[in-house]
Amino acid sequence: MTGASSRREPSAVRSAGAPPALFRFLPPAALLLLGAAFGLWGLRWGLPGPARWRAFPPSYRASPAEAQKMADDWRALYRKIRAAHRAMGKEPATYARDVVEIPAGWTRIPAPLLDSYRSLLTQSTNPDEKKSFIILSQMRPWKLDFNILYIEYAGGYIYPLGAFLYLGAKLAGAPLTPDLAYYLLHPASMGRLYLLGRLFIVLTLLASLLLIYDLGRRLSGPSTGFLAALFFLLCPVVAVYSHILKPHFYVVLWTLGVLRWSELIRSRGERRDYLLAGAFLGMAAGSELDMAVFACVPLLAWGLRRRREKPLGRPPLRPLLECFAAAAAVWLAANPTLLLASRRFLHNLVFVFTWGGSGHRSTHYGAALAAVGRAFVPGMGPLLLPLAAAGLAAAWLGDEDGPRLLATAAAVCFAALFVGLCALWGFQSDSGALRFYCPIVAPLCLLAAWLLHRPRVPRAARGLAAAAVVATSGLGSLVYLRNMSLESGPRATKSLAADWIEANVAPGASIGLTRYPEPAHTPPFRYDLYRLVVFPKPSMLAPSREPEYVVVDSQADAFVAPWAAGRYRLVKSFRPWRAAWARVADDSFFANTGIFIYRREAPAPRKS
């Protein structure tokens with residue numbers, strides 16, 4: 001149906017005795033309530049706070065001298081990082097590149113552990129969340145220096161976030177200071193800033209639900225809009241990234257704006273529709289550079305309108321040009337450093353697409369597509385994804401331009417993102433790369449809901465299919481949200497693992513880790529009580545250097561477990577919460593991750 005059909009539906013409801021105003025406002029109000037409950041559930045997961053002091057020796061807890069030492073080390077590190085960006089070279093390595101042994105019983109924090117102890121007090125459990133604060137901390141507004149250190153978190157995201165944090169901190173009474181030492185002494189204050197940042201993302205979730213509802217209403221009525229928004233809300237990938245302070249979910253709001261006003265370009269073609277579509281496109285690309293692929297959507301809408309109006313005269317080209325001019329203007333306004341400090345901006349941009357990438361470009365598109373497909377199944381739900389694919393096919397085979405616009409936009413944008421990510425970043429086997437496809441999930445949910453509301457679908461079949469999708473996708477989201485809730489308290493896998501280590505591993509014993517300790521991967525046990533052996537790869541360990549225990553998370557266990565067979569025995573594991581078939585399947589999700597503790601079966605050979 002078209003927008004006209006959605007205007008006829010309230011009259012049918014009026015004839016049945018339902019108040020028109022209630023019919024109009026009850027579905028979006030219900031979506032906002034559901035979205036708020038969904039977004040706030042587990043939002044405090046993995047925040048820095050006083051509980052992290054447990055990993056410190058008693059004399060180091062809330063020590064101003066040690067806090068200042070760690071803050072000075074951090075400033076020195078970022079002076080080197082800024083210099084590396086200016087020279088377009090590699091950043092200084094903060095990870096172990098070879099086997100590192102740290103003896104037990106130290107009286108001063110060893111240099112390799114300075115980063116680890118600092119991260120306990122200033123980082124959330126998701127290691128990427130700190131990047132937003134690092135970028136903001138490197139700006140000097142009083143010097144009119146708004147340069148963005150990591151341009152992949154572009155100005156359309158980072159500047160609004162900074163303004164929100166500033167206002168939110170003032171309203172909430174949360175201290176906001178450039179002095180890192182303060183947060184090292186008061187980690188709960190750092191935790192409140194992370195919480196404010198996550199609330200910023202939740203607000204974009206609520207606005208996105210309203211835009212999805214409006215798009216679905218225009219496709220085939222309010223019930224389509226409500227169901228599409230509900231499908232989207234219950235996608236596990238939405239559960240994850242609406243609770244993480246990163247731009248990948250934030251841009252969904254702006255891409256939905258591009259879709260909504262492009263649909264209006266197609267259906268009515270007023271000048272303001274072109275300008276607003278361009279403004280949203282500018283904010284999308286200005287917040288995350290690869291969202292420039294959505295520039296195809298206004299062009300597709302204009303092309304569909306041109307095809308329909310050919311007998312009456314073609315739509316003019318000028319409004320389309322104004323659309324892209326508005327996008328360019330908004331993009332520049334969101335990233336003023338391109339004009340104010342163009343050399344630094346371009347240096348950072350080159351850094352992102354050279355040294356800043358993974359370094360593993362992939363042209364194995366077949367394997368990459370299979371990996372992305374495997375990630376989409378748990379990311380959307382095992383029933384929602386095939387339903388959305390059927391909706392995509394039905395839209396192309398049918399004669400309705402609204403669904404066809406959504407289907408074509410989703411396919412073209414997915415293809416462009418997929419090729420770009422493979423060529424530039426090599427994410428062919430990383431399920432965490434699904435975060436880059438968050439904006440594709442919304443139109444797929446719209447097409448799934450539209451398909452269920454087609455006239456030939458019986459009401460009973462529609463209800464059963466919708467209930468099955470809600471149950472399966474909702475169960476997947478429940479697993480993530482429940483693990484977030486557990487991560488917020490003493491029943492987190494890392495906390496339980498730290499309790500077990502301190503109760504069962506004698507002080508002075510050697511414990512192997514695959515990286516320097518950090519909140520995402522390592523239980524917060526007393527690092528000073530044990531001899532730490534950090535080994536990036538098991539092949540680097542000579543038999544004489546193998547530790548008595550090995551402690552790894554789910555990611556590292558994938559390559560440690562085969563090596564440990566015959567050498568070590570799994571003595572304790574702490575696994576994330578799961579329900580029936582639903583389990584945590586996202587590699588970039590660190591809430592309540594699995595922790596595995598191995599003990600050596602026989603003593604290691606003595607060193608010669």
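Whether a residue is in contact with an Asp or Glu (Cβ under 9 Å, 6 or more places away or on another chain) and surrounded by 19 or more Cβ atoms within 10 Å (Cβ to Cβ) was assessed, and residue 527 does not pass this test. The set of residues in the range 173-199 being touching a Gly at 6+ places or on another chain (Cβ under 7 Å) and not hydrophobic (A, V, I, L, M, F, W, C) consists of 187, 191.
Whenever a residue of the range 63-90 is over 25 Å from residue 50 (Cβ atoms), its partners that are of a type in the set (D, E, K, R) and outside any helix (DSSP H, G or I), lying with C-beta atoms within less than 8 angstrom and at least six residues away or across chains, give the pairs 80/91; 81/91; 84/90; 84/91; 85/91. Kindly establish whether residue 41 is under 22 Å from residue 498 (Cβ atoms) and modelled with pLDDT of 90 or more. So residue 41 fails the test.
Looking at the range 189-245 only, could you name the residues that are in a loop (DSSP other than H, G, I, E, B) and at pLDDT below 95?
Kept after step one, since they are in a loop (DSSP other than H, G, I, E, B), are these residues of the range 189-245: 221, 234-235, 242-245.
Within the range 189-245, 221 is the sole residue that qualifies.
In this structure, does residue 338 turn out to be modelled with pLDDT under 90 and more than 29 Å from the chain's Cα centre (by Cα)? Answer is no for this residue.
For the range 494-533, the set of residues classified as of a type in the set (A, V, I, L, M, F, W, C), at pLDDT 95 or above and not in a helix (DSSP H, G or I) consists of 505, 506, 509, 511, 513, 525, 532, 533, listed by residue number. Are any of the residues in the range 474-487 aromatic (Phe, Trp, Tyr) and in contact with a strand residue (DSSP E or B) (Cβ under 7 Å, 6 or more places away or on another chain)? No, that holds for no residue.
Looking at the range 442-489, which of its residues are of a type in the set (S, T, N, Q) and assigned to a loop (DSSP other than H, G, I, E, B)? Listed by number, the list holds a single entry, 488. In the condition set (1) touching a residue at least 24 places away in the same chain (Cβ under 8 Å); (2) part of a helix (DSSP H, G or I); (3) under 26 Å from residue 261 (Cβ atoms), residue 153 is compliant with all but (2).
Could you please find all residues in the range 239-271 being surrounded by fewer than 24 Cβ atoms within 10 Å (Cβ to Cβ), within 18 Å of residue 304 (Cα to Cα) and out of contact with any Lys or Arg (no Cβ under 7 Å at 6 or more places or on another chain)? Residues satisfying the conditions are 260, 264, 267, 268, 270, 271. Screening 544, 588 for residues that are closer than 29 Å to residue 237 by Cα, out of contact with any Cys (no Cβ under 7 Å at 6 or more places or on another chain) and of a type in the set (S, T, N, Q) leaves exactly one candidate, 588. More than 32 Å from the chain's Cα centre (by Cα), surrounded by 17 or more Cβ atoms within 10 Å (Cβ to Cβ), closer than 20 Å to residue 509 by Cβ and modelled with pLDDT of 95 or more: is that true of residue 598 in this structure? In short, no. Taking every residue in the range 262-287 that is in the same structural domain as residue 439 (by TED's automatic domain parsing) and pairing it with any residue that is outside any helix (DSSP H, G or I) and not hydrophobic (A, V, I, L, M, F, W, C), at least 6 positions away or on another chain, the pairs with Cβ-Cβ distances below 7 Å are 267/2; 269/315; 286/335. Residues in the range 78-89 include at least one that is in a loop (DSSP other than H, G, I, E, B) and more than 24 Å from residue 287 (Cα to Cα).
In the set (1) closer than 22 Å to residue 240 by Cα; (2) in a helix (DSSP H, G or I), the condition left unmet by residue 125 is number (2).
This table checks each residue for (1) at pLDDT 95 or above; (2) closer than 29 Å to residue 465 by Cα.
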| site | (1), (2) |
| --- | --- |
| 410 | yes, yes |
| 415 | no, yes |
| 419 | no, no |
| 426 | no, no |
| 432 | no, yes |
| 436 | no, yes |
| 445 | yes, yes |
| 448 | yes, yes |
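Residues are listed down the side, and each one gets a yes or a no for (1) acidic (Asp, Glu); (2) under 30 Å from residue 380 (Cβ atoms); (3) modelled with pLDDT under 95:
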{"site": "543", "(1), (2), (3)": "no, no, yes"}
{"site": "550", "(1), (2), (3)": "no, no, no"}
{"site": "554", "(1), (2), (3)": "no, yes, yes"}
{"site": "559", "(1), (2), (3)": "no, yes, yes"}
{"site": "580", "(1), (2), (3)": "no, yes, yes"}
{"site": "585", "(1), (2), (3)": "no, yes, yes"}
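Residues are listed down the side, and each one gets a yes or a no for (1) farther than 20 Å from residue 482 by Cα; (2) in contact with a strand residue (DSSP E or B) (Cβ under 6 Å, 6 or more places away or on another chain):
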{"residue": "512", "(1), (2)": "yes, yes"}
{"residue": "515", "(1), (2)": "yes, no"}
{"residue": "549", "(1), (2)": "yes, yes"}
{"residue": "584", "(1), (2)": "no, no"}
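Counting residues in the range 115-126 that are touching a Ser or Thr at 6+ places or on another chain (Cβ under 8 Å) and more than 29 Å from residue 536 (Cα to Cα) gives zero. Applying a threshold of 8 Å to beta carbon distances and a minimum spacing of six or more residues, or different chains, the list of pairs starting in the range 553-565 at a residue that is surrounded by 15 or more Cβ atoms within 10 Å (Cβ to Cβ) and ending at one that is in a helix (DSSP H, G or I) and among the aromatic types (Phe, Trp, Tyr) is empty.
Kindly indicate the residue of the range 211-228 that is of a type in the set (S, T, N, Q) and under 16 Å from residue 24 (Cβ atoms) and also surrounded by the fewest Cβ atoms within 10 Å (Cβ to Cβ) among those meeting that condition. Of everything passing the filter in the range 211-228, 223 is surrounded by the fewest Cβ atoms within 10 Å (Cβ to Cβ).
A quick yes/no check of all residues on (1) more than 20 Å from residue 252 (Cβ to Cβ); (2) among the hydroxyl-bearing types (Ser, Thr, Tyr); (3) free of Cβ contacts under 8 Å to residues at least 60 places away in the same chain:
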site	(1), (2), (3)
390	yes, no, no
394	yes, no, no
409	no, no, no
416	no, no, no
423	yes, no, no
437	no, yes, no
471	yes, no, yes
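Give the number of residues within the range 246-287 that are part of a loop (DSSP other than H, G, I, E, B) and among the small types (Gly, Ala, Ser). Working first, answer last.
To start, the set of residues in the range 246-287 that are part of a loop (DSSP other than H, G, I, E, B) comprises 246, 268-270.
Narrowing further to those that are among the small types (Gly, Ala, Ser): 269.
Counting residues in the range 246-287 that are part of a loop (DSSP other than H, G, I, E, B) and among the small types (Gly, Ala, Ser) gives 1.
Among the residues making up the range 490-516, a single one is surrounded by fewer than 18 Cβ atoms within 10 Å (Cβ to Cβ) and within 30 Å of residue 377 (Cα to Cα): 491.
The values are calculated or read from the model by the stated rules, or taken from the named source; none is laboratory data. Keep in mind that this is a model prediction, so the values were computed, not measured. Cβ sites come from the backbone with ideal geometry, for glycine too, and all protein chains shown count toward neighbours.
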